[in-house]
1. Of all residues in segment 129-150, which are in a strand (DSSP E or B), under 13 Å from G218 (Cα atoms) and not hydrophobic (A, V, I, L, M, F, W, C)?
2. Pick from D156, D173: which is outside any strand (DSSP E or B) and more than 22 Å from the chain's Cα centre (by Cα)?
3. Assess whether E221 counts as being touching a residue at least 12 places away in the same chain (Cβ under 8 Å), among the charged types (D, E, K, R) and either crowded, with 24+ Cβ neighbours inside 10 Å or within 25 Å of A111 (Cα to Cα) (or both).
4. Looking at segment 324-335, is at least one residue open to solvent by less than 50 Å² (accessible area, probe 1.4 Å) and modelled with pLDDT of 90 or more?
5. Checking R126 against (1) open to solvent by 10 Å² or more (accessible area, probe 1.4 Å); (2) touching an Asp or Glu at 6+ places or on another chain (Cβ under 6 Å); (3) outside any loop (DSSP other than H, G, I, E, B), which test does it fail?
6. I187 passes all but one of (1) under 26 Å from L295 (Cβ atoms); (2) modelled with pLDDT of 95 or more; (3) open to solvent by less than 40 Å² (accessible area, probe 1.4 Å); which number fails?
7. Give all pairs with beta carbons closer than 7 Å in which a residue from segment 173-189 that is at negative phi and in contact (Cβ under 8 Å) with a residue 40 or more places away in the chain meets a residue that is open to solvent by 80 Å² or more (accessible area, probe 1.4 Å) and basic (K, R); count only pairs at least 6 apart in sequence or on separate chains.
8. Kindly provide the set of residues from segment 1-51 that are part of a strand (DSSP E or B) and closer than 19 Å to P61 by Cα, ordered by number.
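The values are calculated or read from the model by the stated rules, or taken from the named source; none is laboratory data. Note that the structure is a prediction, hence the values are computed from the model and not measured. Backbone-built Cβ (ideal geometry, glycine too); neighbour counts: all protein chains shown. The area values use the complete protein model at the heavy-atom level, side chains included, leaving out ligands, DNA and RNA. Shrake-Rupley method; radii C 1.70, N 1.55, O 1.52, S 1.80 Å.
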Amino acid sequence: MTTTVTIEDSGHRFTVEDNETILDAAIRQNVGLPYGCRNGRCGSCAADLVSGDVTYYGQPPALEDLPAGKCLPCQGFAANDLTLAVREAESAADIEVRTLPCRVHAVDHLAHDVVRLLLKLPDGQRLQFLAGQCIDFLLADGRRRAFSIANAPHDDAFIELHIRHVDGGSFTDWVFSQMKERTILRIQGPLGTFTLDEQSQRPMLFMGGGTGLAPLKGQIEHAFQAGIDRPMHLYWGVRSRRDLYLELPEHWARERQHFDYVPVLSEPDADWAGRSGWVHEAVLEDIKNLADYDLYMAGPPPMIGAARAAFIAAGMPETQMHYDSFEYAADARATAAD
């Protein structure tokens, strides 16, 4: 049975499938209901039940402390069509920035200079974020190190990060040589405004350099989950074949008719038969009508700077360019760096 939920203030509507929680349905359809733990303990998702009936598999703990007429979408199921009164998060500015401890769940070496970290928040906690945002590690000496979130909001059991080793970088040296599973860290987030324009109907062009793939991965997976079927093109620029640290884009290209993928090597291997050169130049060779696209790009500042100038010269409006420039500074905010 499919039911419909209406948000009273905005008029937004979304459908809830049988055995799907109200919050899961909202996240799937990109309706920004607030949430914290997603397990019925914190009460952050509480909404006024204006009409309709909500059922639960057992009473969520936070429900006991709420006044009559409230419901918990994170654990609630729609017994019939509902109307809720709740404040929606429609942009990065609407989401609360939180400081939380986390535990390293896994350290996976994906390439010679890239690791994937999976971070687990304390029991009863989840981080609400938009695809493409980042988190800061808060280090003991007061420094901060920022990394893009590589998973999509609907897949939030862990926070996934892709970290590239920076020569001489004290933090990434430690991550690569000493960090162990179960290490306790402190993070703050979500941060950043590198998010999708989901109101647009234009095709989507994604361009990443190195670990700039990380936020793009989260955005693309979110777009798939949200049912966005606009044409999507991913260009991933790296130095050599061994730097293509994930095979996932190839899988997307095989499984999704509206998605294509072009890896570009700046220093190609002798047996490389694919594209070579600078990744933004490959985009310019292939896409002649850039003004018809929304662009999302992430990577090192030289790549972002060169691409911005070239794309603007080719006629792409700056309002359709969204980017995250990975700064590698010693003590300033350093997205996806040391």
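1. Result: S148, single match.
2. Details: D156 fails: more than 22 Å from the chain's Cα centre (by Cα).
So the residue among D156, D173 that is outside any strand (DSSP E or B) and more than 22 Å from the chain's Cα centre (by Cα) is D173.
3. On the way: touching a residue at least 12 places away in the same chain (Cβ under 8 Å): yes; among the charged types (D, E, K, R): yes; either crowded, with 24+ Cβ neighbours inside 10 Å or within 25 Å of A111 (Cα to Cα) (or both): yes.
It is true that E221 is touching a residue at least 12 places away in the same chain (Cβ under 8 Å), among the charged types (D, E, K, R) and either crowded, with 24+ Cβ neighbours inside 10 Å or within 25 Å of A111 (Cα to Cα) (or both).
4. No: segment 324-335 contains no residue that is open to solvent by less than 50 Å² (accessible area, probe 1.4 Å) and modelled with pLDDT of 90 or more.
5. Against the list (1) open to solvent by 10 Å² or more (accessible area, probe 1.4 Å); (2) touching an Asp or Glu at 6+ places or on another chain (Cβ under 6 Å); (3) outside any loop (DSSP other than H, G, I, E, B), R126 comes up short only on (3).
6. (1) is the only condition that I187 fails.
7. Going by the 7 Å Cβ cut-off, there are no qualifying pairs.
8. Applying the first criterion (part of a strand (DSSP E or B)) to segment 1-51 yields 3-7, 13-16, 47-51.
Residues satisfying the conditions are A47, D48, L49.
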